[in-house]
Structures are given as structure tokens and as C-alpha cells.
């Protein structure tokens, strides 16, 4: 009897242990409304089942999350899931720290992801390394109320029209017609992509680690020089020029009338405009004479890190499955402005009663922008130490905006320093093949 009792207790103990949820961590870098939406999805996943439990831990920014993940991996106390942003893609692919998600989950219909979302995170053979998550792209935001007050009845679609509108706004007394923060992603990467311009040789690094930057010789150099001239004319403002000191906040407060910004900023803008102004979002402007190409996907994707047991990997896969569900993608789009990334969700939105609802305003235009004709130079950016390159670009171009050097000198310096980073990266991974 005693043995039976012990056996029963052991069985109960084993059963209780096996029923306990596998606990894993997911690190992310967002704040504000996006963080609120991420936490809501984590809570919903935990409430929907009992086999797994996910702890979602905010790190404050993409860059901080990346640095902490690298340190944690070296110390062998890293999370199972990590959200990495677009600029860190190549570094992570060659790090040997992650499991390609398509290898872990071969039965998922990965071809349902739109091309614009896949290209940045897939190998040369078309295999996804990470699951696209908070996917965004660049859009053109306008305060329709302020434009119409100045007599501008049509949303500008070209840079020529944007500057004509800016001059009209300035003449009408508007102190901030167009605002930007001069960020690399907005004024260089997305501009180059939609105008079909390379950022570096080897198709932006996709064809080899021996790429070199060409940003000082493409039409992007002319556009950046134009931004300096337009700022001097009072048509373009930088974040530091605004009362808010932040360009998105300046637009949301009605201080500035036009801006280029991520689709992920839509929710905050719509909330700020509610009852005060009418908000319009369209594809980012083009220069006349250039064929429109796809914009890059922005935001981030989710990677599965190596060094975890089978139960933890199964929990990670379950969470990724949960995030792919149409209702979860629709929730995330409606609450953040990030665009859905699979065709079934786009179809579901189009067929719903809320297809024309403002909460899905970025879905149609964002996907349309990413699905424009592609070229080998518009797949994405696969350049080493690219996070550091972005910092170099900002440092040099801000000097040009401040009048300390010409924009051409700034770009020449950026190319030189950027190429030095590429050579260091090439040496670091000497003999390695690009995935």
C-alpha cells in the first residue's frame, strides 16, 4: 500500500510538473503605444493557453535591446526570443546565435508573407531567418486642415509639389511647412529605395561582403543638398528647430504641416489629431522623372536564439504561431499603424466592414508602397556594422545642416568612414559565406 501511495504521489508529481507552463522570455525594444500593444498580445497569448508562459521584457530601444542580447548570449542567460531591427540583420545572420525560423517551422506557409516584408530578412535562397513582426514603411503625413487653410486642396505627391506647398504655407504664415529629423532610414535609405538607387555596391551587400558605399555619387546626394537649401529658405525644419524639440511631436501638435515618418507612428498621430485636424497618409513623395519602386520594410522581426531546450523552443514556436494569426495582426495594425505582413490578413481587412476605417489607414497604403516594382537594389540592406554606419551618417550630415561643411563633403566623409566599417566587418567574418 505504501508503495502504491508513493507511486501515486510520484505520478501526481510528474503530472503536475508536466502540466506546468514552460516559461520563456521575449525581449523587445519599443515604447509608447507600440509597447502597449506588444504587452497586450503577450497577455492574450498567456490567457489563451496554459502550456506556455511568455514574459515580455521591454529594453527601451532597438539598439539597447541588441547590445543587451549580445552580452546575455555571451553570458549564456539570453532570452529565447529577441526582436531585432532591420539595421542589425546581417550582424545577426552571421553571428551563429540564432536558429533560422524557417528551419524550425518548415510547415508554416512562409510564402504568404508579402515580398516587401520577406526580402529584408531572408537568405539568398529565399529562406526566412526571422519572423517579420512590427513591420513598417515610410509614409507621407500631412495635416490636411492646415494645407486647405492655405489653399492647398490636393496632397502633394512629388517633391516639387511638396516644396511648392511649403512655399505656399510659409507665405500664409506657417512657421514649419515640412519637418524631418534627418534620420538615415528616412532621408537616405527609404529615399534611395523608392527612387531605385543603390546605397552600396554588390546590390547593397546582398552579393558579397566586399561592398562599398556609393551614397555620395547617386541622386540621393542631390536630394540631401536640397534639404539643406530648403531649410535655409525656411521651408524645411529639423527637430531642433521646432518648439517641441521632436519632429513627430511637432507634427502631432499641429506645429508642422507635413512630414515623412514610419507607418508605426500613425496611431499616435491619429490620437493627437482627433477632434482638431484631419490627417492624411499617402506614399512618400517622388522626384519627377523617376519611376517609383518599393520602399524598404522597417521596424523589426523576431529571432529564435540558440542555446535553449526543446520545451522552450516549442513555447517560442507557439508564440510565433499566435502572432501570425489574422486577428492578432489586425489588432496590431489597428493599435499601432504597423502594417500586416501576410496576404490572408490583407484579404481579411479588405473584406471586413472596417476596410475603410482610419484604424487600417496604413495597411493599404503601406503595403502598396512596399509592393511597388522591385530591383536588386531595393531588396534591403545587407551591410555589416550598419548600426554604426547610421550613426556616422547622422553625425556628418548634421554638420552639413548646421553649416559646418557642405552636404557633399559630409557624404564623402560618410562614404570613407562607412567603407572602413565594411572592411572591418569583412575581416571579422573572413571566409564566411553570406546566407
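When you look at residue 311, is it over 18 Å from the mean Cα position of the chain (by Cα), farther than 26 Å from residue 155 by Cβ and surrounded by 17 or more Cβ atoms within 10 Å (Cβ to Cβ), yes or no?
Taking the combined requirement at face value, the residue does not satisfy it.
Would you check which residues across the range 325-343 are under 23 Å from residue 107 (Cα atoms), out of contact with any strand residue (DSSP E or B) (no Cβ under 6 Å at 6 or more places or on another chain) and surrounded by fewer than 21 Cβ atoms within 10 Å (Cβ to Cβ) and list them?
Within the range 325-343, 325, 326, 327, 328, 330, 343 qualify.
Would you be able to say whether some residue in the range 97-104 is outside any helix (DSSP H, G or I) and surrounded by fewer than 16 Cβ atoms within 10 Å (Cβ to Cβ)?
Scanning the range 97-104, I find no residue that is outside any helix (DSSP H, G or I) and surrounded by fewer than 16 Cβ atoms within 10 Å (Cβ to Cβ), so the answer is no.
Suppose we filter the range 266-282 for residues that are surrounded by 20 or more Cβ atoms within 10 Å (Cβ to Cβ) and either closer than 18 Å to residue 194 by Cβ or not assigned by TED's automatic domain parsing to the domain that holds residue 188 (or both); how many remain?
1
Which ones in the range 107-129 are buried (at least 17 other Cβ atoms within 10 Å of the Cβ) and touching a residue at least 60 places away in the same chain (Cβ under 8 Å)?
From the range 107-129, those buried (at least 17 other Cβ atoms within 10 Å of the Cβ) are 108, 110, 113-114, 116-122, 128-129; that's our starting set.
If the condition is that a residue be buried (at least 17 other Cβ atoms within 10 Å of the Cβ) and touching a residue at least 60 places away in the same chain (Cβ under 8 Å), then 108, 113, 114, 116, 117, 119, 120, 121, 129 are the ones that fit.
Suppose we filter the range 251-261 for residues that are closer than 17 Å to residue 227 by Cβ and buried (at least 24 other Cβ atoms within 10 Å of the Cβ); how many remain?
Selection size over the range 251-261: 6.
Would you point out which residue out of 408, 404, 420 is surrounded by fewer than 16 Cβ atoms within 10 Å (Cβ to Cβ), in a loop (DSSP other than H, G, I, E, B) and not assigned by TED's automatic domain parsing to the domain that holds residue 88?
Sole residue among the options that is surrounded by fewer than 16 Cβ atoms within 10 Å (Cβ to Cβ), in a loop (DSSP other than H, G, I, E, B) and not assigned by TED's automatic domain parsing to the domain that holds residue 88: 404.
Only one of 397, 375 is under 30 Å from residue 290 (Cβ atoms) and in a helix (DSSP H, G or I). Can you tell me which?
397 is the lone residue from the list that is under 30 Å from residue 290 (Cβ atoms) and in a helix (DSSP H, G or I).
What is the one condition in (1) in contact (Cβ under 8 Å) with a residue 12 or more places away in the chain; (2) more than 22 Å from the chain's Cα centre (by Cα); (3) not in a helix (DSSP H, G or I) that residue 289 does not satisfy?
(1)
Return yes or no: is residue 304 surrounded by 20 or more Cβ atoms within 10 Å (Cβ to Cβ), modelled with pLDDT of 95 or more and closer than 30 Å to residue 94 by Cα?
So residue 304 fits the description; yes.
Would you pick out the residues in the range 43-76 that are in contact with a strand residue (DSSP E or B) (Cβ under 9 Å, 6 or more places away or on another chain), part of a helix (DSSP H, G or I) and surrounded by fewer than 20 Cβ atoms within 10 Å (Cβ to Cβ)?
Matches in the range 43-76: 43, 46, 63, 68, 72, 73.
Conditions tested, residue by residue: (1) in the same structural domain as residue 196 (by TED's automatic domain parsing); (2) buried (at least 16 other Cβ atoms within 10 Å of the Cβ).
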| position | (1), (2) |
| --- | --- |
| 345 | no, yes |
| 351 | no, no |
| 355 | no, no |
| 362 | no, yes |
| 366 | no, yes |
| 375 | no, no |
| 379 | no, yes |
| 389 | yes, yes |
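Would you mind listing the helices (runs of 4 or more DSSP H) fully within the range 307-360 where at least 1 residues are under 19 Å from residue 139 (Cβ atoms) and touching a residue at least 40 places away in the same chain (Cβ under 8 Å)?
Because the criterion is at least 1 residues that are under 19 Å from residue 139 (Cβ atoms) and touching a residue at least 40 places away in the same chain (Cβ under 8 Å), the helices (runs of 4 or more DSSP H) in the range 307-360 that meet it are 326-336, 343-351.
What is the residue count in the range 115-140 for residues that are in a loop (DSSP other than H, G, I, E, B) and within 18 Å of residue 190 (Cα to Cα)?
Qualifying residue count, the range 115-140: 1.
Taking residue 208 as the residue in question, decide whether it is modelled with pLDDT of 95 or more, surrounded by fewer than 24 Cβ atoms within 10 Å (Cβ to Cβ) and either assigned to a loop (DSSP other than H, G, I, E, B) or not assigned by TED's automatic domain parsing to the domain that holds residue 31 (or both). Give the derivation first.
Working: modelled with pLDDT of 95 or more: no; surrounded by fewer than 24 Cβ atoms within 10 Å (Cβ to Cβ): yes; either assigned to a loop (DSSP other than H, G, I, E, B) or not assigned by TED's automatic domain parsing to the domain that holds residue 31 (or both): yes.
Judged against the criteria, residue 208 is not a match.
How about the range 151-184: which of its residues are touching a residue at least 60 places away in the same chain (Cβ under 8 Å), out of contact with any strand residue (DSSP E or B) (no Cβ under 9 Å at 6 or more places or on another chain) and not in a helix (DSSP H, G or I)? If you could, list the steps in order and put the result at the bottom.
We begin by selecting, within the range 151-184, every residue touching a residue at least 60 places away in the same chain (Cβ under 8 Å); these are 155-163, 165-167, 169-170, 174-184.
After this cut, where a residue has to be out of contact with any strand residue (DSSP E or B) (no Cβ under 9 Å at 6 or more places or on another chain) as well, the list is 160-161, 167, 170, 174, 183-184.
If the condition is that a residue be touching a residue at least 60 places away in the same chain (Cβ under 8 Å), out of contact with any strand residue (DSSP E or B) (no Cβ under 9 Å at 6 or more places or on another chain) and not in a helix (DSSP H, G or I), then 174, 183 are the ones that fit.
Being buried (at least 20 other Cβ atoms within 10 Å of the Cβ) and either within 23 Å of residue 336 (Cα to Cα) or at pLDDT below 95 (or both): is that true of residue 187 here?
yes
The values are calculated or read from the model by the stated rules, or taken from the named source; none is laboratory data. Quantities reported herein were computed from a predicted structural model and do not represent experimental measurements. A quick note on method: Cβ atoms are made from the backbone with ideal geometry, for glycine too, and the neighbour counts reach across all protein chains shown.
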